[in-house]
Every structure is written in structure tokens, then in C-alpha cells.
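Asker: Mind looking over this structure? Questions follow.
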Amino acid sequence: MKLRVSCSLRFNIFESSVLILMLRPFRGIQQWINREVYIIKPVVPMIETTDSFGNSLQRLIMPAGDFLIYTSSDVIVADKIDVATGKYFVEIQYLPKEVLTFLLPSRYCESDRFGDLAREITSDVLPGYDQVSKINAWVRDTIVYSPGSSEFPLSATEIHQRGYGVCKDLAHIAIALCRSISIPTRLVVGYLYNLQPLDLHAWFEVYVGDRWYSFDPTQTDIQGGRVIVAFGRDAADVSIFHQFGSGCLLKSMDVRVDLLDN
């Protein structure tokens, strides 16, 4: 399916501030970008690099006054998500070296605190994909998905205690649970077609068998139509913007995902 995704950010800048953005869709990973627009007003120099995960970063200095950033991309993505029931667990000594970082505790995913719970949840299934399916269902059934409920970042432990959260919060708990039983797991941010209410979205991926597979505890049945922007260990790695300095106010953010004719 072909989707047009866009994000518009409007800032009020009180004093010159540095901004690092993460807004371009990821190249590859089962998606093809055949059109892209990137507008900043007023026009200022911008440096583009990639981070250690391969995500595209844009770095600029915003002058005082109103500042607009607008991105739009036409992206071809799968309309279904691959399911691999029974896919085998990969022992740590046989994992590709690039996935090892996704086994470790991180800022918002304290996997070293979730081992007992993860083993309890998955006690009756085979190691690997089926364990992740049980964890995903447990998070969906136990933690209330409440869009707009998190005013500041919380960790998986805090969300588990609170019992509700936004999409990234549910993903963080699932990530912590999966890593605690030695399954490499990463956070994904991007766009989801037909998401309600419409916003940027977060889900997670696990490495089992010989590749990554997607899961989403906010959805009853995982849907296709996903445009990936970035991967990371948790939300600290994949924020769509980091603003440095105190002289910046985000006035509005508008996200759109439209289905295009083939």
C-alpha cells in the first residue's frame, strides 16, 4: 500500500536554540520512499547525519521568532504484518553482534527487574516468538492504553505500577519483559494508517529465528500500513526532536497519514 505521511511542527523561539530532529522515514526495512518534502521556514543551514542505529538526524540552529518544520513522504509499505508462530529462540552466543545492544536494560526499560514476571507470563509456551506473543497479549490486557495520558516520560517499572500509559509506555513494558528472558527487543516510532486518535505511534520489534518481527500491544490484531521513522533501545533514542536551551516553545504539531491510489 502507498501512504502519504506528514508532520508539521510550529515553534515559538525566544532565543536562538539548537534542534536535533528525527523526521525522515527510515530507508529500507520493507518500505520504499518515492517522494519526500522537507521544508523549514525561515531557511537556515542544516546538517544531516545518521546515528548508531542508522536513523537519519537533522541538526540546525533556530533563530528567534516563529519557526516551521514540515515533512511529507510518499512511502510504499506492506499492508500486512508477518506472523511467525513457533519461530525459534536464538541463543545469545549465536545472535548477530548488531542486535546484542537490544538485550540490555536501558533508561526506560529496566529489563533486570522483570525476569520473574516474564517467566510467569510465558511458562506454558515455547521459547521465541510464542513467548513474545504471550507478553504482547499480557501487556494489552493488563495495561490500559490511554492516548495523551503521559505528560512526562515514565519508565516501564513506573507504568507497570500505574497501570496505564501511551503507546510508547506499553511498548516499554513489553520490551523490558522480552529482554529479561534474553530476546533482543527494540522500540520503533513512526506512522500507522487508521490510528485513532491520529498521532505519531510507537510499537516494538523482537529478533527471533533469523530476523525482526513487529508487535503492538495497543492493537487487538496487529495492522500493516506502518511507516518506520526510527529504531532505538527506548524512547530516549527515538524522540522526533531534541531541543537544547530554554528559549523554545512547541506551539503545535499536526500529523497526517493518507492512503494514496496505487
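The values are calculated or read from the model by the stated rules, or taken from the named source; none is laboratory data. Note that this is a predicted model, so its numbers are computed, not measured. Neighbour counts are summed over all protein chains in view; Cβ atoms, including those assigned to glycine, are modelled from backbone coordinates with ideal geometry.
Asker: Which one of these is at pLDDT below 95 and touching a Gly at 6+ places or on another chain (Cβ under 7 Å): 87, 80?
Answerer: 80
Asker: Additional query: Only one of (1) touching a Lys or Arg at 6+ places or on another chain (Cβ under 6 Å); (2) not aliphatic (A, V, I, L, M); (3) not assigned by TED's automatic domain parsing to the domain that holds residue 7 is not met by residue 74, so which one is it?
Answerer: Going through (1) touching a Lys or Arg at 6+ places or on another chain (Cβ under 6 Å); (2) not aliphatic (A, V, I, L, M); (3) not assigned by TED's automatic domain parsing to the domain that holds residue 7 one by one, residue 74 breaks only (3).
Asker: Could I ask something else about it? Just a yes or no: is a residue in region 98-117 of a type in the set (Lys, Arg) and either closer than 27 Å to residue 241 by Cβ or in contact (Cβ under 8 Å) with a residue 40 or more places away in the chain (or both)?
Answerer: Yes - at least one qualifying residue is present in region 98-117.
Asker: Determine whether region 242-257 contains at least one residue that is modelled with pLDDT of 90 or more, under 30 Å from residue 207 (Cβ atoms), surrounded by fewer than 19 Cβ atoms within 10 Å (Cβ to Cβ) and within 10 Å of the chain's Cα centre (by Cα).
Answerer: So far as region 242-257 goes, no, none of its residues is modelled with pLDDT of 90 or more, under 30 Å from residue 207 (Cβ atoms), surrounded by fewer than 19 Cβ atoms within 10 Å (Cβ to Cβ) and within 10 Å of the chain's Cα centre (by Cα).
Asker: Looking for whichever is among the β-branched types (Val, Ile, Thr) and part of a loop (DSSP other than H, G, I, E, B) here; the options are 90, 75. Which one fits?
Answerer: Step by step, each of 90, 75 is checked, and only 90 is among the β-branched types (Val, Ile, Thr) and part of a loop (DSSP other than H, G, I, E, B).
Asker: Do the conditions hold for residue 199, that is, is it at pLDDT below 95, out of contact with any helix residue (DSSP H, G or I) (no Cβ under 9 Å at 6 or more places or on another chain), farther than 27 Å from residue 16 by Cα and of a type outside the set (Ser, Thr, Tyr)?
Answerer: Criteria not met by residue 199.
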